[in-house]
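For reference, the structure is listed below as structure tokens.
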Amino acid sequence: MKIGILQTGHAPDEIRPELGDYADLFEKLLQGNGFSFQTYNVVDMEFPAQITDSDGWLITGSRHGTYEDLPFIPPLEALIRDIYAAGIPMVGICFGHQIIAQALGGKVMKFDGGWAVGRQTYDWNGQSVSLNAWHQDQVVTRPTDATTCASNAFCENAALIYGQRAFTVQAHPEFDAAFISGLATHRGPGVVPDDQLAQAHATLTEPTDNAHLARQIARFFKERELA
């Protein structure tokens, strides 16, 4: 099964040579599932020729906001709507989670409550799931087709399922401790409050459920359902 990765941003220059870019993180996360991958740097206006170029589509995170006036956002929203209408399975992470919701009629905004960075724990249909997060924007109104399957006190719509068509997650199952440390060092200072950066560093050694989410994503691509 071929997965097209729609890359909507780039990892910091300081850590990219060692840790890879966003698409590399997803290839590593999903390895062992029989997938092949092709990356399209949509943030740089590199788009697939047609939606059938891949059997499934994955939209990455980004430092940009979905509401920003950037050239790649309108054509990406149009592409999302086409993929959705065709029933090709689609997964979105962080910015990907937000842009899918926005393209399908939901609302995204900069959250008044501030940032979530580092390890966060969510109620996932009654199960406790911990993942690394890095966001201030949130889906505040979900599309009519979407059902919330994970949340916590800070983020109401932490994961959404759109029937058999799309599965999206606000947190980052592709981010390990080293990547969060790199973001906290190179993108956090002066942007994220110091106490939250300190807390993110303090929880780097605590376990996350990245492998669980990898299984969920792989199953959704293959079977159009979650485990």
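A few comments on the model shown:
- Answer residue from the stretch 10-44, given it is out of contact with any strand residue (DSSP E or B) (no Cβ under 7 Å at 6 or more places or on another chain) and aliphatic (A, V, I, L, M) and is surrounded by the most Cβ atoms within 10 Å (Cβ to Cβ) among those: A11
- Index of the failed condition, G4 passing every other in (1) closer than 21 Å to A178 by Cβ; (2) outside any helix (DSSP H, G or I); (3) under 15 Å from the mean Cα position of the chain (by Cα); (4) of a type in the set (G, A, S): (1)
- Taking the numbered list (1) crowded, with 16+ Cβ neighbours inside 10 Å; (2) within 20 Å of D209 (Cβ to Cβ); (3) at pLDDT below 95; (4) not aliphatic (A, V, I, L, M) in turn, N125 passes all entries but (1).
- Any hit, the stretch 196-208, residues being more than 26 Å from N33 (Cα to Cα), modelled with pLDDT under 95 and of a type in the set (V, I, T): yes
- Out of A171, A177, A184, A198, sole residue that is farther than 22 Å from A158 by Cα and of a type in the set (A, V, I, L, M): A198
- Filter result for the condition that a residue is in contact with a helix residue (DSSP H, G or I) (Cβ under 7 Å, 6 or more places away or on another chain) and of a type in the set (K, R), over R219, R215, R224, R165: R165
- Counting only helices (runs of 4 or more DSSP H) that fall entirely inside the stretch 116-227 and contain at least 2 residues that are in contact (Cβ under 8 Å) with a residue 12 or more places away in the chain and under 22 Å from L104 (Cβ atoms), the qualifying elements are 210-223.
- Within the stretch 92-115, the residues that satisfy the criterion of being farther than 17 Å from A133 by Cα, part of a helix (DSSP H, G or I) and touching a strand residue (DSSP E or B) at 6+ places or on another chain (Cβ under 9 Å) are I100, A101, Q102.
The values are calculated or read from the model by the stated rules, or taken from the named source; none is laboratory data. For clarity, every value in this text was computed on a predicted model and none was experimentally measured. All Cβ positions, even for glycine, are placed from backbone atoms using ideal geometry, and neighbour counts span all protein chains on display.
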